[in-house]
Amino acid sequence: MLRNSSTAFEFPVYTLSEMIKSRRISCCLTAGRSEVIETSRRRFLCAAAGTLAFPRTPIGALPSEETKGEKIRFGKLPSPVLFRGDERTAFRDPAAVYHDGWFHLFFTYVRIEAASRGSADRRPYLRVAWSKSRDLSRWTEVRPFTPEDLNLNYSSPGDVIRAGDDWILCLQTYPRPNGEKYGNREARIWTMRSADLEHWSGARLLRVKGPDVPQNAMGRMIDPYLFADKDEPGKWWCIYKQNGLSMSWSRDLETWTTAGNFAAAENPCVLVDGGEYVLFDSPAGGIGVKRSADLRSWRDVALLKLGQDEWPWAQGRLTAGFVLDLRRDPNVGKAIMFFHGSRYPEEDPRGGFDNFASIGFAWSDDLEHWSWASGG
């Protein structure tokens, strides 16, 4: 379900019964406790009890198949905001892949909910969610696909790579079962697999310390990112937040060897440009850019703040930049940076970490000079 509007998305919530009555579920859908099966255009069977909440998005129209090959018109995009957070919702840590004419966007979806039915105790629940678009303007309804569980809090999707017939998504757990502000020492990194970018397997631990190191001895780690070595075909790297940024490498994405660490901030994103690795990370303010020829010696290049000074929704912090380099794709022709901005600083009592965080985007021809839609 979509809309085409110059304003950003806002997400009130439908209960499962409301979706059934309004015929908003039109296929077999499984999400933890509930399963709904369409038996006709007007009759549905509900095969479990409970309430399932999904974001309510006004109905619009998907771009037609004829638009699949059309070039993205960046100058016509209506807003730099793709998904806008509010007092109960945050959209954070975006990652994207472009396939068959679709932008698939993955992100941390935070909802502040009652800890139990009728409870006044409200907790932030973190899940990984997904939406897709052909034109960067109209997006499908947000769909979370990881469990709602404070002991897991799957979040921070790093990126999606292609390996054989599978797509592989890397992500973290960020446990906060006792009301912790940040994920506790049990935070680890994981992968999930998919054949179609829409239906995902269960999570599998990324054993970046080697196959013989038990999970409880791996230490707290977050923000994984997978990428191919620029010089050795078949060699993969995983970079993740631990002791600065740590690195491990593998030739089969299963057995990993550690390869040291270096000083850098969280939310890493790595790509290759001009024979060098380019690292985007997230220091205290803005999006950092570093370059290296060998993944060991890095030089600082820039600190990007984009349009933060004029964006009320990003005054607290602008961070978590993910760059999808599509400069050679004839239908896109740009590198696109997805990021999130917080209306308030993380320490502000009004929020800014678990709420009021929004996903924005910008684009570039050279990874140095960035543009974005007007408004905001």
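Structural remarks
- Neighbours by Cβ (under 7 Å, 6+ apart or cross-chain): first from region 301-315, within 17 Å of E346 (Cα to Cα); second of a type in the set (V, I, T) and in a strand (DSSP E or B): W313/V81
- None of S131, S201 is within 30 Å of K334 (Cβ to Cβ) and out of contact with any Cys (no Cβ under 8 Å at 6 or more places or on another chain) except S131.
- Some residue of region 156-166 being over 29 Å from G360 (Cα atoms) and more than 14 Å from the chain's Cα centre (by Cα): yes
- Filtered residue count, region 146-186, keeping only those that are in contact (Cβ under 8 Å) with a residue 60 or more places away in the chain, assigned to a loop (DSSP other than H, G, I, E, B) and under 29 Å from I72 (Cβ atoms): 4
- One residue from D223, D231 being of a type in the set (D, E), in the same structural domain as I112 (by TED's automatic domain parsing) and surrounded by fewer than 15 Cβ atoms within 10 Å (Cβ to Cβ): D231
- In region 274-312, of all residues being buried (at least 16 other Cβ atoms within 10 Å of the Cβ) and of a type in the set (D, E, K, R), the one that is nearest to D231 (Cα to Cα) corresponds to E276.
- Given (1) surrounded by 10 or more Cβ atoms within 10 Å (Cβ to Cβ); (2) within 20 Å of the chain's Cα centre (by Cα); (3) part of a loop (DSSP other than H, G, I, E, B); (4) not acidic (D, E), index of the condition T191 fails: (3)
- Test: residue in region 243-250 that is in contact (Cβ under 8 Å) with a residue 12 or more places away in the chain, within 17 Å of S156 (Cα to Cα) and crowded, with 18+ Cβ neighbours inside 10 Å: yes
- In region 137-158, the residues that are surrounded by 17 or more Cβ atoms within 10 Å (Cβ to Cβ) and polar (S, T, N, Q): S137, T140, T146, N153, S155, S156
- All of G286, G274, G219 fail the test of being small (G, A, S) and without any contact (Cβ under 8 Å) to a residue 12 or more places away in the chain, apart from G274.
- Note on region 159-175: residues that are touching a strand residue (DSSP E or B) at 6+ places or on another chain (Cβ under 7 Å) and surrounded by fewer than 18 Cβ atoms within 10 Å (Cβ to Cβ) amount to 1.
- Per the conditions (1) in contact (Cβ under 8 Å) with a residue 24 or more places away in the chain; (2) out of contact with any strand residue (DSSP E or B) (no Cβ under 6 Å at 6 or more places or on another chain); (3) among the charged types (D, E, K, R), the sole criterion not satisfied by D354 is (2).
- Verdict on L318 being under 21 Å from A228 (Cα atoms), in the same structural domain as D100 (by TED's automatic domain parsing) and of a type in the set (A, V, I, L, M, F, W, C): no
- Some residue of region 209-227 being at pLDDT 95 or above, in contact with a Cys (Cβ under 6 Å, 6 or more places away or on another chain) and not in a strand (DSSP E or B): no
- Which listed residue, of E113, E66, is part of a strand (DSSP E or B), out of contact with any His (no Cβ under 7 Å at 6 or more places or on another chain) and modelled with pLDDT under 95: E113
The values are calculated or read from the model by the stated rules, or taken from the named source; none is laboratory data. Since this is a predicted model, take the numbers as computed values, not measurements. Note: ideal-geometry Cβ built from the backbone for every residue, glycine included; neighbour counts use all protein chains shown.
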